[in-house]
Structures are given as structure tokens and as C-alpha cells.
1. Yes or no: segment 65-75 includes at least one residue that is part of a loop (DSSP other than H, G, I, E, B), of a type outside the set (D, E, K, R) and at positive phi.
2. Looking at segment 78-104 only, could you name the residues that are charged (D, E, K, R) and out of contact with any helix residue (DSSP H, G or I) (no Cβ under 6 Å at 6 or more places or on another chain)?
3. Restricting the search to segment 66-104, which residues are of a type in the set (D, E, K, R) and under 15 Å from ILE52 (Cα atoms)?
4. Out of segment 86-124, which residues are touching a strand residue (DSSP E or B) at 6+ places or on another chain (Cβ under 7 Å) and assigned to a helix (DSSP H, G or I)?
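Read the figures in this text as sums done on the coordinates, not as results from a lab. Source: prediction; values computed, not measured. In this analysis, Cβ positions are derived from the backbone assuming ideal geometry, glycine residues included, and neighbour counts consider all displayed protein chains.
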Amino acid sequence: MVNKKTGENEHRERKERPENALSGKKQSGNVGFDREQIITAIKTVNDPEIGIDIWTLGLIYKIEIDKKAVTITMTLTTPMCPYGPMLMDEVKEKVQELGAIVTLNLVFDPVWQPSEELRAMLGI
């Protein structure tokens with residue numbers, strides 16, 4: 001879940017996240033979108049194998065906003081995910097629809113692991 005005060009995705013423990021995970025600079029001026037709109041757009045991207053959106057899965061590690069430029073650091077459930085390119089394209093498309101210039105960074109450190117809450121949702 002998302003911590004309402006920090007905006008951080010709490011599906012991953014802090015010690016597992018890259019430094020400054022999900023930090024975002026406040027935008028200067030009105031550029032037509034904000035952090036919540038970006039997260040809402042990301043939540044529309046579902047992992048086709050699991051059937052859960054990638055935000056809830058904890059695949060988004062970091063969102064940085066600098067005026068119209070948005071940099072998203074994300075991972076996949078596995079480096080061999082056959083849907084990886086499709087998921088990345090869809091994330092980029094959805095955020096670009098807000099008027100953002102999007103850069104995606106794909107990382108595998110730390111390795112994705114489902115949170116306890118997500119494990120319960122998936123029944124594992």
C-alpha cells in the first residue's frame with residue numbers, strides 16, 4: 001500500500017529499496033500532471049500473468065519529477081519476464097499521455113520479492 005504522508009510504495013521494506021526510493025521533486029509551475037496522476041496512470045498497467053497492477057506488485061522503485069521530465073525506476077518479477085518489454089512500453093505510454101517526457105530505468109537490484117501482504121493476496 002502507499003503511505004499517504006510520504007507517497008512511498010510500502011510493498012517493499014525500506015532496507016530493500018534503492019536509496020531515496022520513490023522520492024520525487026516537487027514540480028515548479030503547472031505542467032499538467034502531478035505525482036498522484038502518475039501513480040494512477042501506473043496503476044492501470046497490469047501484469048498479464050498475475051492479473052495485478054504493477055504498482056501494487058511493488059515493481060516501481062522510484063519516481064522522479066523535474067518539470068515535464070519523469071524518470072521511473074522499475075523492475076520486473078524476473079529478469080526473464082516475457083512481458084517485460086510490453087509492460088515497460090505500457091508504463092511509458094500511460095505516463096506520456098499526461099504530457100510527461102518519460103525515461104524508464106530497468107533494474108534488478110534489489111531483486112523483486114512480493115511483500116507479505118501481496119503473498120496473502122496471491123495465496124502463497
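1. No, segment 65-75 contains no residue that is part of a loop (DSSP other than H, G, I, E, B), of a type outside the set (D, E, K, R) and at positive phi.
2. Here is the first cut: in segment 78-104, the residues charged (D, E, K, R) are 89-90, 92-94, 97.
ASP89, GLU90, LYS92, GLU93, GLU97, listed by residue number.
3. Step one: filter segment 66-104 for residues of a type in the set (D, E, K, R), giving 66-68, 89-90, 92-94, 97.
Within segment 66-104, just GLU90 meets the criteria.
4. Within segment 86-124, the subset touching a strand residue (DSSP E or B) at 6+ places or on another chain (Cβ under 7 Å) is 88, 91-92, 95-96, 100-107.
Matches in segment 86-124: MET88, VAL91, LYS92, VAL95, GLN96.
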